[in-house]
Amino acid sequence: MRFDSSFESLIESFITRFQVRNFSERTITHYTWHLSRFQKWCYKHNIISPEQVTDDTITSYAAYLLQYRKSNGTKLYEGTRLKRLGLVKQFFHWLYTTHLILVDPAKDLIVPKHRSSLPDNLLTESEVNAILEQPDIVTVIGLRDRAILETLYSTGIRSSELVHLSVKYVSLSSRTVFVRLGKGKKDRLVPIGERACSWLQRYLSDARPSLVTLRTQPTLFVNVRGRPLNRKVLEERVRLYKKKAGVTKKGGCHLFRHALAIGMLENGADIRYIQAILGHSNLRTTAKYTHVAITNLKQVHQKTHPFEQ
């Protein structure tokens, strides 16, 4: 049987490698989407198969991404642009090493590593508190949302991890949350504070029973139909409360994660403990917070040190 060399089937075969390596469904979806963008760009330029792609094609695509503007007129995020180029490079390297093409057109493409950066405007402690106080705790949904916000800030877990939390993985007595198959398909045990536990107890006693149905799964946070809370809806709720609190800084759930890391660093926590809490596989990912922390400490030093007055 002749090998189907269509772009679509080759991309599918390439993506299968990541599925075998247990990459998350979300990552697989993103990788597929990024490569499909390249494929469509090639089709627009009358390039219908990988064999027709040359080093000039790769250069032109890189230039296109650099000049591309989204519907709102802004450029692609640097991380997005580098991710697309990196996947294209990996794709053609795979085609070449598996002898599906004779020449690797992306061999000379240099894709620098993207330097992960923090938002320009991190939440202050007062802003965090203002957001936490926005849900109307008299209502079932408001009480649920208050418990969600408190959990996000206390544990620093990702929104994708929070929506998959099971009731049985939260221990109020030992004040721990077990994150099952977090980013990178890794498990970890995360501490959760007394205040957040108190709000979780109220939610479990006074709100969740009103939301669950006979078909409800053991998911901790559920919607009005008793189904697992959608991540998109979660982000929308957080942004809503942020707006109500008068906080104009960009971002959603991840802002609590950043605020937790910075706050713990400034209060003397070892960066390795923060790494364990956040679930970073590489310490360098966590180290990005140290720059912000030392900048804030310098400002405090300048304002409070006796010789600086």
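The values are calculated or read from the model by the stated rules, or taken from the named source; none is laboratory data. Keep in mind that this is a model prediction, so the values were computed, not measured. We place every Cβ from the backbone using ideal geometry, glycine too, and count neighbours over all the protein chains shown.
Screening the range 3-110 for helices (runs of 4 or more DSSP H) wholly inside it with 2 or more residues that are touching a helix residue (DSSP H, G or I) at 6+ places or on another chain (Cβ under 6 Å), touching a residue at least 24 places away in the same chain (Cβ under 8 Å) and not aliphatic (A, V, I, L, M) returns the ranges 7-20, 25-44, 78-97. Considered as a group, the residues in the range 24-50 that are over 21 Å from the mean Cα position of the chain (by Cα) and polar (S, T, N, Q) include one that is surrounded by the fewest Cβ atoms within 10 Å (Cβ to Cβ), and that residue is Asn46.
Here Val53 meets each of (1) at pLDDT below 90; (2) over 30 Å from Glu161 (Cα atoms); (3) surrounded by 12 or more Cβ atoms within 10 Å (Cβ to Cβ) with one exception, condition (1). In the condition set (1) over 15 Å from the mean Cα position of the chain (by Cα); (2) not in a helix (DSSP H, G or I); (3) not basic (Lys, Arg), Leu240 is compliant with all but (2). Scanning the range 243-258 for residues that are surrounded by fewer than 16 Cβ atoms within 10 Å (Cβ to Cβ), in contact with a helix residue (DSSP H, G or I) (Cβ under 9 Å, 6 or more places away or on another chain) and either part of a helix (DSSP H, G or I) or of a type in the set (Ser, Thr, Tyr) (or both) yields a total of 2.
For the range 157-177, state whether one or more residues are farther than 30 Å from Leu265 by Cβ and in a loop (DSSP other than H, G, I, E, B). Checking the range 157-177: not a single residue is farther than 30 Å from Leu265 by Cβ and in a loop (DSSP other than H, G, I, E, B).
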